[in-house]
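What follows is a short report on a single structure.
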Amino acid sequence: MGQFYYLDPYRSRASVVHRFDPRVKVTLALAFILTVALTPSGAWPVYLLLFALDLAAAILSELGVRYVLKRALIALPFALAALPVLFSVAGTPLLHLNLGQLSLTVTREGAARFASIVLKSWLSVQMAVVLVSSTPFPALLAALRALKIPRLLVAIVGLMWRYLFVLVDEALRLLRARESRSAHPPESLGRRVGGSLVWRARVAGGMVGNLFLRAFDRADRIYAAMLSRGYDGETRTLPLPPLHATEWGVLLAGLSALTLLAVGGLLFYH
Amino acid sequence: MLFSPVAMHIPDGFLSVGVSLVLWAVAIVVVGYALKRVNADVGERQVPLMGVLAACIFAGQMLNFSVTGGTSGHLMGAAIATILLGPWAAILVLTCVVGVQALIFQDGGLLVLGANIVNMGIIGVAVAYFAHRTLQKLLGKWSGGLFVSGFVSGWLSIFVAALACALQLAISGASPANIAIPAMAGIHTLIGFGEGLITAGALVFLKAARRDLVEAPQAQLADSKAVWIGGLVIAVALAIISPLASAHPDGLEWVAEERGFLDLAREPLYEIIPDYVLPGVSNEALATILAGVVGALIVFAAAAGVAYTRANRSRRSGI
């Protein structure tokens, strides 16, 4: 992940998906993820159709299929947590593994369950990637407000986003300061340098404390600046424009297609 | 990086819909109440203060220290936020952190966001609050008390949250309880160690630099009995349920005893569950798969067509 993890994922394009109303996009993306979650394990054709929808979104958003697929790999390490399912679900044996004392049997049902879990998370993440890469953050906030998330919470998240990159820069400066004060002579390669583990952890703790101090001070300054510009505790936002007929159409078509997929999956593969 | 605190952000697809929705309901109720409480406490300062501190926790998760062989300790931040801000504000701050991580950085899913908020925000905070308040009372004036209390709260918040996460995975059938619980508990015993040390280090630094920041909230928030009891109940309940669940995973998964993990490991079962048609075997299933392929191709063609005509149009109009 590294530092790039902390960059704004929005990619500016002029695609159909980018120009679409954020409320519709967020609703459809959430409905898609719910559909994926409702699809029973082993419903491969349904997965294929869902994957097609993912790819269609990736193509229409002009983000590039490769970009979306690559970014969607972020949830993959978590698949490790589902690995034991391979052996623990009862069913027809598929494969025997003999690891010394331990003899493990992979069952067909276990393999199906594992593949389903990993596929489901991958499919969901792809849609989320398309959503955030095609929607600027303020538009996402507007959509969240339209979906009746408390205004106060949306306002806090909005302010958090505005100062996130400032504080990430602070953290990077702290890291750079530590780095420039830590000697790494060539002969120490591969050996531990610096004090004991507890000492190093306390240094990191001091950095965290420092970051908190700076954040507290910054919050005070921001509050003062807001007050001097007439802030009275109320967050005011422009009213959202009503949805066009086409947007309603796409929303309803998308929702009914996803409902069909979910119902089909539940009926035929449960 | 595999087992940084990221190991606790559950992605979509791992929890069943039922579990996700129940935990969403819990998250909505608690966060809604926290919003009200914090609004009453800090009023209009709430938006800038909570926003910047959420950004601070998020950025603080970058600060690490090397442990050994390329692994490093990170901060999750539930304990330090609780100790500095009090439980309700901490729940709010962590909800924002976990929410933005899921929404923008795909660190954790959207349908399971409720579960992640409950684990890292609510459970982590309640347990940290319980540990910190109790230890502050017990250790009292002792000068090392803050260090010990910070360490224990940090460790406990991570450990109990990990147990909750493992239980949810087990209930959803994504991971058997007898493996998920010991594995998550083991890994997070170590991760919690890093969290505890960083939390304690930060508190000691802050006490030296700005005594008022560390001491003022203690007096002000000493009366959150409900959170203290909540933390106690969560910690005790998970401490009891987890070993039980990992000893009897079948009870959680509703898998019949004789088809359990241990029997399977000893000798394979040669029976196919009746009434179960494997997809890809019968012709009917093959037909469904073909239908899926055709459907997928149609969706593709439509998407590619729209994208292609758009690209052509913009090229012709000279954009």
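The values are calculated or read from the model by the stated rules, or taken from the named source; none is laboratory data. None of the values given here were measured: they were computed from a predicted structure. FYI the Cβ positions are ideal-geometry reconstructions off the backbone, even for glycines, and counts take in every protein chain you see.
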**Study point:** Yes/no for B:Val152 being under 15 Å from the mean Cα position of the chain (by Cα) and in the same structural domain as B:Ser242 (by TED's automatic domain parsing)
**Key:** no
Report task. Determine, yes or no, whether A:Leu240 is closer than 19 Å to A:Arg151 by Cα, touching a residue at least 24 places away in the same chain (Cβ under 8 Å) and among the hydrophobic types (A, V, I, L, M, F, W, C). Result -> yes
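Residues are listed down the side, and each one gets a yes or a no for (1) of a type in the set (Val, Ile, Thr); (2) in a helix (DSSP H, G or I):
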position: A:Arg13; (1), (2): no, no
position: A:Val24; (1), (2): yes, yes
position: A:Phe32; (1), (2): no, yes
position: A:Tyr47; (1), (2): no, yes
position: A:Phe51; (1), (2): no, yes
position: A:Ile59; (1), (2): yes, yes
position: A:Leu73; (1), (2): no, yes
position: A:Phe78; (1), (2): no, yes
position: A:Ala81; (1), (2): no, yes
Among helices (runs of 4 or more DSSP H) entirely within region B:104-177, at least 1 residues that are farther than 30 Å from A:Phe165 by Cβ occur in B:124-139, B:145-171
Within region B:86-96, the residues that are more than 8 Å from every other protein chain (Cβ to nearest Cβ) and assigned to a helix (DSSP H, G or I) are B:Pro87, B:Trp88, B:Ala89, B:Ala90, B:Ile91, B:Val93, B:Leu94
Of those in region A:220-239 that are among the hydrophobic types (A, V, I, L, M, F, W, C) and touching an Asp or Glu at 6+ places or on another chain (Cβ under 9 Å), the residue nearest to A:Leu153 (Cα to Cα) is A:Met226
Of the listed residues (A:Arg218, A:Arg200, A:Arg214, A:Arg176), the one being in contact with a strand residue (DSSP E or B) (Cβ under 6 Å, 6 or more places away or on another chain), outside the structural domain of A:Ile74 (by TED's automatic domain parsing) and of a type outside the set (Val, Ile, Thr) is A:Arg200
Those residues of region A:56-70 that are facing chain B (nearest Cβ under 7 Å) and touching a residue at least 12 places away in the same chain (Cβ under 8 Å) come to a total of 2
- Is at least one residue of region A:187-205 acidic (Asp, Glu), closer than 30 Å to B:Val299 by Cα and assigned to a helix (DSSP H, G or I)? no
Residues in region B:73-84: is at least one hydrophobic (A, V, I, L, M, F, W, C), at the interface with chain A (Cβ under 7 Å from one of its Cβ atoms) and in contact with a Phe, Trp or Tyr (Cβ under 7 Å, 6 or more places away or on another chain)?
yes
